[in-house]
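Enquirer: Provided herewith is a single structure, encoded as structure tokens, for subsequent inquiry.
The values are calculated or read from the model by the stated rules, or taken from the named source; none is laboratory data. Note that the coordinates shown come from a computational prediction; the quantities given were computed from them, not determined experimentally. The protein model used for the area step is the full one, side chains on, heavy atoms only, and it has no ligands, DNA or RNA in it. Shrake-Rupley method; radii C 1.70, N 1.55, O 1.52, S 1.80 Å.
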Amino acid sequence: MLRQLLNDESGVIISAELVLVLTIAVLAMVVGLSEVATAVNTELNDVSNAIGALRQSYGFTGFAGTGNGKSKSFFLGSTFFDAVDDCDLNTTCEIVTGASASATTE
């Protein structure tokens, strides 16, 4: 019975094939997840470009209150104008290494 157990090699081929298949699967998964990470970073970069391109300037007018011919209160209003800098369009703050800068501008 011991000699029969030592000569039995029916499971060796299956385990070698299983190791080969699992090795190929792990390598494919590493490459696939790397591409997914690059795609996610590229999309988040596009979102940051869209947010940076929004017009952030605002303004509101003042008001004045009068009664009985006298001025009660007044407020002149306010404005703010946003200056566009390099990081608003993400041209010098590139964080994606897998895609070129021309691929992120649409």
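Enquirer: Within segment 12-69, work out how many residues are open to solvent by 90 Å² or more (accessible area, probe 1.4 Å), hydroxyl-bearing (S, T, Y) and in a helix (DSSP H, G or I).
Expert: Result for segment 12-69: 0.
Enquirer: Need the failing condition index for E9 against (1) farther than 30 Å from F81 by Cα; (2) part of a helix (DSSP H, G or I), just the number.
Expert: (2)
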